[in-house]
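Before any comments, here is the structure.
The values are calculated or read from the model by the stated rules, or taken from the named source; none is laboratory data. Keep in mind that this is a model prediction, so the values were computed, not measured. Here the Cβ positions follow ideal geometry from the backbone for every residue, glycine too, while neighbour counts run over all protein chains shown. The accessibility values were calculated without ligands, DNA or RNA, using every heavy atom of the protein model including side chains. Shrake-Rupley method; radii C 1.70, N 1.55, O 1.52, S 1.80 Å.
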Amino acid sequence: MSAESLFVEVVRSGFVESTHRARMLAVAADGSLVRVHGAVDAPASPRSSMKPLQALAMVRAGLPLEGELLALACASHAGEPFHVDGVREILTGAGLDESALGCPEDLPEHAASREEVLRSGGGRARVYMNCSGKHAAMLAACVVNGWPTETYLDQTHPLQRAIRATVEELTGERAAAGGVDGCGAPLFFVSMLGVTRAFRALVLAEQGTPERRIADDFRAHPEWTSGTTRPEARLMRAIPGLMVKIGAEAFDAFAFGDGRSGTVKIEDGGQRARVPVTVAALRALGFEGPELDELATGVLLGGGRPVGEIRVRQ
């Protein structure tokens, strides 16, 4: 399956100075295709958009988290104080500390939180890394099952085998390939069709199932899955019932409670183009509102003043 690509224009002072090519898939509540751009059936790298599926495998394996902490297990968080406290709470509950985390050291993405860490004499730490919630949850799942924690990131570890099986089950695909994500955890290459299928399965699952627990806690706590100022949280606050998960290299996956869902991939990995295309996909499915209007274009600055925009080519 392939359809004409979608393009995002970077317009400065009335001149189109750059373009980004995008793939987009938007699916109606009944599962029919509403809008398709690019090769959405080709293997892609969803990166952190797969965290809800990784968390699902952990819940199925007995991970004892709920509410905000389960949302944090699905998160690419901004390193705000409540995120950091939540990661530490997950680790403490498993009888572990930050030294058990296998993700790289980092500073908080959230500007004010980063400045406070540096102002207080702190520096890079694993707990600040945006994937630390997932890693803490992985460790907690290992403790519950008596699995080794030192090797929890190995492809052959029981936890990672369970995650791969869950990803393939919900996407309905065999992973085209495997690899290593930026945080050090295994990742799997599947199609945008498969990721959309998986997100639909989460929101359409029966109440009380592990799948629905992931979807419900994720949607109930949007700031815990991203950050207080992130566009994903803004979209979920503006559209109650919507689940949106970002992935590195400009991937987005989303699903609404009635089954409307989709995925977005900017082919050159340009994050600045991601949100406008995601908004275009949501609008194709009938979602509207002032928040979408605001996020439909990105502001381009010159000398600190708006001089252009980042927009989907019509």
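Any residue in the range 289-307 that is free of Cβ contacts under 8 Å to residues at least 60 places away in the same chain sitting within a Cβ distance under 6 Å of a residue that is open to solvent by 90 Å² or more (accessible area, probe 1.4 Å) and of a type in the set (V, I, T)? List the pairs, counting only those 6 or more apart or interchain.
Close Cβ pairs satisfying both conditions: P306/V299.
What pairs come out if I take residues in the range 1-28 that are assigned to a loop (DSSP other than H, G, I, E, B) and pair them with residues that are surrounded by 15 or more Cβ atoms within 10 Å (Cβ to Cβ) and aromatic (F, W, Y) whose C-beta lies under 8 Å away, six or more apart or interchain?
none
Which condition number does R60 fail, the rest of (1) over 19 Å from the mean Cα position of the chain (by Cα); (2) charged (D, E, K, R); (3) open to solvent by less than 50 Å² (accessible area, probe 1.4 Å) being met?
Tallying (1) over 19 Å from the mean Cα position of the chain (by Cα); (2) charged (D, E, K, R); (3) open to solvent by less than 50 Å² (accessible area, probe 1.4 Å), R60 fails exactly one: (3).
For the range 91-132, what are the residues that are hydroxyl-bearing (S, T, Y) and either more than 30 Å from W147 (Cβ to Cβ) or touching a helix residue (DSSP H, G or I) at 6+ places or on another chain (Cβ under 7 Å) (or both)? Lay out the reasoning, then the answer.
Within the range 91-132, the first condition is being hydroxyl-bearing (S, T, Y), and the residues that meet it are 92, 99, 113, 120, 128, 132.
Within the range 91-132, S113, S120, Y128, S132 meet the criteria.
Considering each residue of the range 77-113, count those that are out of contact with any strand residue (DSSP E or B) (no Cβ under 6 Å at 6 or more places or on another chain) and open to solvent by 80 Å² or more (accessible area, probe 1.4 Å), and give that number.
Qualifying residue count, the range 77-113: 8.
Is one or more of the residues making up the range 164-183 among the charged types (D, E, K, R), open to solvent by 60 Å² or more (accessible area, probe 1.4 Å) and more than 25 Å from T263 (Cβ to Cβ)?
no
Restricting attention to the range 29-40, and to residues there that are part of a loop (DSSP other than H, G, I, E, B) and touching a residue at least 12 places away in the same chain (Cβ under 8 Å), which single residue is most open to solvent (accessible area, probe 1.4 Å)?
So the residue we want is D30.
Would you check if there is a residue in the range 215-233 being in contact with a Leu (Cβ under 6 Å, 6 or more places away or on another chain), buried (at least 24 other Cβ atoms within 10 Å of the Cβ) and of a type in the set (F, W, Y)?
Checked the range 215-233: at least one residue is in contact with a Leu (Cβ under 6 Å, 6 or more places away or on another chain), buried (at least 24 other Cβ atoms within 10 Å of the Cβ) and of a type in the set (F, W, Y).
Any idea which residue in the range 41-56 is modelled with the highest pLDDT, counting only those that are open to solvent by 30 Å² or more (accessible area, probe 1.4 Å) and outside any loop (DSSP other than H, G, I, E, B)?
R47
Looking at the range 114-142, which of its residues are under 21 Å from A71 (Cα atoms) and either open to solvent by 60 Å² or more (accessible area, probe 1.4 Å) or of a type in the set (D, E, K, R) (or both)?
R126, K134, listed by residue number.
Pairs under 8 Å by beta carbon, first residue in contact (Cβ under 8 Å) with a residue 40 or more places away in the chain in the range 113-129, partner open to solvent by 40 Å² or more (accessible area, probe 1.4 Å) and not charged (D, E, K, R), six or more apart or different chains?
That search, which allows pairs on different chains as well, returns M129/P104.
Just need a number here: residues in the range 144-160 that are open to solvent by 10 Å² or more (accessible area, probe 1.4 Å) and touching a Leu at 6+ places or on another chain (Cβ under 7 Å).
3
May I ask you to list the residues in the range 1-13 that are at pLDDT 95 or above and surrounded by fewer than 15 Cβ atoms within 10 Å (Cβ to Cβ)?
If the condition is that a residue be at pLDDT 95 or above and surrounded by fewer than 15 Cβ atoms within 10 Å (Cβ to Cβ), then S13 is the only one that fits.
Which of (1) touching a residue at least 24 places away in the same chain (Cβ under 8 Å); (2) farther than 19 Å from A201 by Cβ is the odd one out, the single condition K245 does not satisfy?
Going through the list (1) touching a residue at least 24 places away in the same chain (Cβ under 8 Å); (2) farther than 19 Å from A201 by Cβ, K245 breaks only (2).
Restricting attention to the range 155-166, does a residue exist that is under 26 Å from P43 (Cβ atoms) and either of a type in the set (G, A, S) or assigned to a strand (DSSP E or B) (or both)?
For the range 155-166, residues under 26 Å from P43 (Cβ atoms) and either of a type in the set (G, A, S) or assigned to a strand (DSSP E or B) (or both): present.
For the range 272-290, indicate whether the set of residues that are closer than 20 Å to S32 by Cα and among the hydroxyl-bearing types (S, T, Y) is non-empty.
Looking for residues that are closer than 20 Å to S32 by Cα and among the hydroxyl-bearing types (S, T, Y), one finds at least one in the range 272-290, hence yes.
Could you check the range 253-288 and list, in sequence order, the residues that are surrounded by fewer than 16 Cβ atoms within 10 Å (Cβ to Cβ), of a type in the set (D, E) and touching a residue at least 40 places away in the same chain (Cβ under 8 Å)?
Listed by number, the residues that qualify are D258, D268.
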